[in-house]
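Read the structure below first, then the notes.
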Amino acid sequence: MRKYFYIYKSTLIENLSYIPNIILGFSNFFIMMFVFLNLWNYIYSDATQIINGYTMKQMIWYVLVTEVLWFGSRNRILIREISQDIKTGNIAYNINKPYNYVFYIVAKHLGEITIKLILFIIVRNNNGNVFCRTNRKF
C-alpha cells in the first residue's frame with residue numbers, strides 16, 4: 001500500500017505545481033454554480049413553492065452536490081487515460097510493473113482530484129449556505 005500512497009502523493013504534488021489550472025477550473029465551477037443557483041432561484045420565485053415534491057432548498061443542495069461530483073471527479077480523464085493505455089499498448093507495459101494496474105490508476109486519479117474536490121466542496125458549502133439561508137436574489 002505504501003507504493004500507491006507514493007503514487008498518490010507524487011500526482012498530488014505534480015498537480016499542485018499547476019496552480020493556474022486549478023484556479024481556472026475553480027472559477028469555472030464558481031460561475032456555473034452562480035448560474036445554476038440563480039436559475040433555481042428564478043424557477044422557485046416563491047421560496048415556499050414545491051415543484052414535484054422538492055422545495056427550493058432541496059433542489060439547490062441537489063444541484064450543488066451533483067455539480068461537485070461532476071466537476072470534482074473528472075471521470076472523463078480517468079476513462080481517457082485507460083483507453084489511451086489500451087490503444088497505445090502501454091497497458092501491457094504497465095501490467096508487467098511490480099504494482100497492480102487498477103490500484104495504480106485509482107491512486108493516480110485520486111491524486112489528481114483531491115485538491116479540486118476539496119475546493120469545490122468549500123465553494124458548495126458557502127454557496128449553499130448563502131442561497132438557502134438568505135433567499136436573496138443575486
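The values are calculated or read from the model by the stated rules, or taken from the named source; none is laboratory data. Not measured: the values here are computed from a predicted model. Counting neighbours? That spans all protein chains shown, and the Cβs are built from the backbone with ideal geometry, glycine included.
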Query raised in the report: So is residue 89 touching a Ser or Thr at 6+ places or on another chain (Cβ under 7 Å) and not basic (Lys, Arg) or not?
Result: no
Report summary line: Contact list, first residue from segment 107-125 and surrounded by 19 or more Cβ atoms within 10 Å (Cβ to Cβ), second anywhere and not in a helix (DSSP H, G or I), beta-carbon distance below 8 Å, six or more apart or interchain, is 112/74; 113/74; 116/74
Report task. Kindly indicate whether any position in segment 68-88 is touching a strand residue (DSSP E or B) at 6+ places or on another chain (Cβ under 8 Å) and free of Cβ contacts under 8 Å to residues at least 60 places away in the same chain. Result -> no
**Report entry** Checklist (1) in contact (Cβ under 8 Å) with a residue 12 or more places away in the chain; (2) on the phi < 0 side of the Ramachandran plot applied to residue 45, failing item
**Finding:** (1)
Query raised in the report: Do any helices (runs of 4 or more DSSP H) lying entirely in segment 30-100 carry at least 2 residues that are of a type in the set (A, V, I, L, M) and at pLDDT 85 or above, and which ones are they?
Result: 75-88, 90-95
